[in-house]
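Worksheet: the structure to be examined is printed underneath.
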Amino acid sequence: MNTGLYEKLFEEGCIRQETLNNIREKKRNQLFSLHWELKSLLYLGVMLLSTGLGILIYKNIDTIGHQIILAFIAAICIGCFYYCYRRKKPFNKEKVNSPDSLFDYLLLLACLSFLIFVGYLQFQYSVFGTNYGLATFIPMLVLFYVAYDFDHLGILSMAITNLGVWLGISVNPMTLVSDIAESNGRPFILTGLFLGLFLVLVAFLSERFHIKKHFHFTYLHFGTHVTFIALLFGYFYDFEQEISILWIILLLAFTWYIYNNAIRHKSFYFLLLCTIYSYIAISALVIHFLVKGNDLGAIYLGFFYFIVSAIGFIKVLIHLNKKVKSL
Amino acid sequence: MIIYNKEWLNSLSIQDEAAIAFAQGNIDTEEHNNIKEKYPVGFYSPNIFMRAGIFLLTLIILSFSIGLLSLVLSDFKIIDSFYYLLFLGVVTYVALEFMVIEKRHYQSGADDALMWVSGGLLLFSFIFMMDNIFLSKNSGQAELFISGFIFLLSAYFMARFADTLIAITCILSLAAFVFYGWLEIGFYALQTLPFLMMILSGAIYYVANLLQQRQQYPFYKNCISAVKMISLLLLYLSGNYFVVRELGSNLSDDALKEGQSIPFAWFFWSWTFIIPLLYIGFGLKKKDTVLLRGGFILVAIAAFTFRNYYHILPTELVLVLAGIALIGIAWFTMKYLKSPRNGFTAAEIADGHILDKIQVESLIVGETLSSQPVGADAHRMGGGNFGGGGSSGSF
């Protein structure tokens, strides 16, 4: 950052005199922001503390000391909630900016210690009995409530993850892939498909009815990944049958929806997701047909396919990029 | 030497500056447009998502093209020799120059992929060739030659393409070259090695810092700050107790026993703890982000080093106490800096970065923190058993 550049720009007539003066003034009293450093410290602190408490209670579960630890966790949870509750602004359907990042991270700590607490209660006293669904359902409800009332995106992600846990699947793309690959069940795939489409629907509704419109991205992010992965694995699962083509058709229809959505929001991220997942789907289909040929010619064709198709998809990406930029 | 159009590079840095000024509200839309018109950039450099996509697709193209060519040539003997890899590397490099000069790609993903693939192919052809030559002889010097070759190759690529990752590779390979070279010829090599590495990385930092302050080589300014960062890290690691002790004991013939100390232990221990604090101190004094953030990370490394040799408290208590301490420090600093003091502020200064748009922070929180309850709850659903939950962090 140097004012020399701005002086040159001023001489060339790109900026006005007052702007130059303003910038000179700003440079003289330039502030050095510790914002991200402090935020990272808070994040690390919350992560270490909640992990530590989790292990602490697990190791001391049979000793007398564990009740003190439990009281400590409850105190942290209540204290943090109380602090955040006092500072929070009233609920609004639009975005409510949080007072500061301290608020954000203490709320996070409150929720994490709440989860540890509930988990402990369930393990030690079986509060929810053998009704394991309820044991995940109630924390999930609390998380969703906190996410909406306090307007916290991080807790919304946690709530969505917990929704997945309640249904028995992971919403993290990487874990989901390995989970599905290990299980060999159609129910798993269908649950994933249902959850993914549900999340996409919620994303659509929050935007349509202006209920926390800025949650749209988080819902759509998880929904898109889960739906695409479920559809792809649906195809791999029914690989042998002719009917499997239906999965691909569904996937392309879903791509079309996400594509239009991304264009509307000018989101490069979702465009990239569309491209990657549809590329995998189309390639799987092509390989399927080539494998039927089963000779050297098919292998050559396969190589050609990948070279040509990758070039094609690069052209598509470049084209989309231009299109979104010109919007 | 640099391959890119220098006028455009200059315009690009002015445009970047203007984008930040615009995001901070220092200039208005009209002025921003004036600047964009006055300093046009002809590069093709799409945003980070497109870059990632194009990078992956280019890798696919390259690997299948090479595969197809090898398949066609599989009947000939040529692909068994290093000439074949050399040929592929040169062809990829020519493609890279073509993309950059003719198609004006600049950090587009395609040039990144071509750069790393051609570098990798050239390196493998060199290793292949070395294997042929050294087959009968003692191959103890292989590392020395390989790191030397990587250094020369990456120095050339850095000068030509000014890529930051290449610059980091270059410095690391130089350090490796000096390291192995000193082991071969040095006087009391093992004992003097840490000090030599300290001098080397200190010297690299000094030069890079000088270049940055004098604003020389403006097209390489990103490379220079990457070099600064990596040399600071090297400077610390060459005196870190853990690195010195374990590396030394690996390299020498008689391994150290557990609890056995090394000569000058007091010096390396003080280095381990004082350097991070010095970094933070200088970072705050000079308002240098690289020093400051580097210092924070090194404090964590110092803590791990200490814990590796002395277990005073059980891990979970350390986690809890460290967590409370970190939250406390951040809390007090935030309160203290509520209104800016001494030129510091806790408030965010906008820089108009594209990643903010996808709310990375919330996703990081979601992915890292919520995995603990997930692991535990999923486990409970499986059978209500409490067996191996300890590894998941929470219970």
Exercise for the section: Inspect all residues belonging to region A:256-264 and state whether any of them is in contact with a helix residue (DSSP H, G or I) (Cβ under 8 Å, 6 or more places away or on another chain) and among the basic types (K, R). Expected result: no
Practice task
Could you grab the pairs with beta carbons closer than 7 Å, sequence gap of 6+ or different chains, first residue in region B:168-192 and over 22 Å from B:L153 (Cβ atoms), second one aromatic (F, W, Y)?
Solution key: B:A189/B:W182
Handout entry: Search result, residues across region B:291-332 that are buried (at least 17 other Cβ atoms within 10 Å of the Cβ), aliphatic (A, V, I, L, M) and within 13 Å of chain A (Cβ to nearest Cβ)
Key = B:L291, B:L292, B:L319, B:V320, B:A322, B:L326, B:I327, B:A330
Exercise for the section: Taking A:I160 as the residue in question, decide whether it is buried (at least 20 other Cβ atoms within 10 Å of the Cβ) and either outside the structural domain of A:S206 (by TED's automatic domain parsing) or under 24 Å from the mean Cα position of the chain (by Cα) (or both). Expected result: yes
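Listed here are the residues, each with its yes/no results for (1) more than 25 Å from B:A346 (Cα to Cα); (2) in contact with a Ser or Thr (Cβ under 9 Å, 6 or more places away or on another chain).
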{"site": "B:L251", "(1), (2)": "yes, no"}
{"site": "B:F282", "(1), (2)": "no, no"}
{"site": "B:I297", "(1), (2)": "no, no"}
{"site": "B:A302", "(1), (2)": "yes, yes"}
{"site": "B:F306", "(1), (2)": "yes, yes"}
{"site": "B:L326", "(1), (2)": "no, no"}
Handout entry: Whichever residue in region B:20-32 is out of contact with any helix residue (DSSP H, G or I) (no Cβ under 8 Å at 6 or more places or on another chain) and more than 16 Å from A:F10 (Cβ to Cβ) and, among such residues, is farthest from the other protein chains (Cβ to nearest Cβ)
Key = B:A23
Practice task
Would you check if there is a residue in region B:145-156 being surrounded by fewer than 16 Cβ atoms within 10 Å (Cβ to Cβ), of a type in the set (S, T, Y) and at pLDDT 90 or above?
Solution key: yes
Completion exercise
Only one of B:L57, B:L96, B:L71, B:L62 is under 22 Å from B:I127 (Cα atoms) and in a helix (DSSP H, G or I), namely B:L62
Exercise for the section: Just give me the residues in region A:121-137 being assigned to a helix (DSSP H, G or I) and either at the interface with chain B (Cβ under 8 Å from one of its Cβ atoms) or of a type in the set (G, A, S) (or both), in sequence order. Expected result: A:Q122, A:F123, A:Y132, A:G133, A:A135, A:T136
Practice task
Of all residues in region A:165-182, count the ones that are surrounded by fewer than 21 Cβ atoms within 10 Å (Cβ to Cβ), touching a helix residue (DSSP H, G or I) at 6+ places or on another chain (Cβ under 9 Å) and of a type in the set (S, T, Y).
Solution key: 1
Exercise for the section: Select, from B:V100, B:V94, the only residue that is at pLDDT 90 or above, more than 27 Å from A:G302 (Cα to Cα) and more than 9 Å from chain A (Cβ to nearest Cβ). Expected result: B:V100
Exercise for the section: For A:G196, state whether it is surrounded by 19 or more Cβ atoms within 10 Å (Cβ to Cβ), in contact (Cβ under 8 Å) with a residue 24 or more places away in the chain and not assigned by TED's automatic domain parsing to the domain that holds A:I73. Expected result: yes
Fill in the blank from the handout: B:A303 passes all but one of the listed conditions (1) free of Cβ contacts under 8 Å to residues at least 12 places away in the same chain; (2) under 17 Å from A:M47 (Cβ atoms); the exception is number (1)
Exercise for the section: For B:S225, indicate whether it is of a type in the set (S, T, N, Q) and at pLDDT 85 or above. Expected result: yes
Exercise for the section: Considering only region A:234-327, give the helices (runs of 4 or more DSSP H) lying wholly within it that have at least 2 residues that are touching a His at 6+ places or on another chain (Cβ under 7 Å), more than 10 Å from chain B (Cβ to nearest Cβ) and surrounded by fewer than 14 Cβ atoms within 10 Å (Cβ to Cβ). Expected result: none
Handout entry: Failed item in (1) surrounded by fewer than 17 Cβ atoms within 10 Å (Cβ to Cβ); (2) at pLDDT 85 or above; (3) under 22 Å from the mean Cα position of the chain (by Cα), with A:W36 passing the rest
Key = (2)
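So that you can scan it fast, the table gives a plain yes or no per residue for (1) in contact with a Ser or Thr (Cβ under 8 Å, 6 or more places away or on another chain); (2) surrounded by fewer than 21 Cβ atoms within 10 Å (Cβ to Cβ); (3) in contact (Cβ under 8 Å) with a residue 12 or more places away in the chain; (4) closer than 17 Å to B:I166 by Cα:
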{"residue": "B:F82", "(1), (2), (3), (4)": "yes, yes, yes, no"}
{"residue": "B:A110", "(1), (2), (3), (4)": "yes, no, yes, yes"}
{"residue": "B:L114", "(1), (2), (3), (4)": "yes, no, yes, yes"}
{"residue": "B:I127", "(1), (2), (3), (4)": "no, yes, yes, no"}
{"residue": "B:N132", "(1), (2), (3), (4)": "no, yes, yes, no"}
Exercise for the section: Those residues that are touching a residue at least 24 places away in the same chain (Cβ under 8 Å), under 28 Å from A:E18 (Cα atoms) and of a type outside the set (V, I, T), I need them from region B:26-45; list them, please. Expected result: B:Y39, B:P40
Completion exercise
A:A203 fails exactly one of (1) surrounded by fewer than 18 Cβ atoms within 10 Å (Cβ to Cβ); (2) among the small types (G, A, S); (3) more than 11 Å from every other protein chain (Cβ to nearest Cβ), namely (1)
Problem - Residue among A:I55, A:I76 that is in contact with a Gly (Cβ under 8 Å, 6 or more places away or on another chain) and either facing chain B (nearest Cβ under 10 Å) or touching a residue at least 24 places away in the same chain (Cβ under 8 Å) (or both) - result: A:I55
Completion exercise
Expected single match for without any contact (Cβ under 8 Å) to a residue 24 or more places away in the chain and out of contact with any helix residue (DSSP H, G or I) (no Cβ under 7 Å at 6 or more places or on another chain) among A:I245, A:I249, A:I287, A:I211 is A:I249
Exercise for the section: With the condition kept exactly as written, say whether any residue in region B:46-65 is more than 10 Å from every other protein chain (Cβ to nearest Cβ), in contact (Cβ under 8 Å) with a residue 12 or more places away in the chain and either aliphatic (A, V, I, L, M) or in contact with a strand residue (DSSP E or B) (Cβ under 8 Å, 6 or more places away or on another chain) (or both). Expected result: no
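The values are calculated or read from the model by the stated rules, or taken from the named source; none is laboratory data. Since this is a predicted model, take the numbers as computed values, not measurements. With ideal geometry, Cβ positions are generated from the backbone for all residues, glycine too; neighbour counts draw on all protein chains shown.
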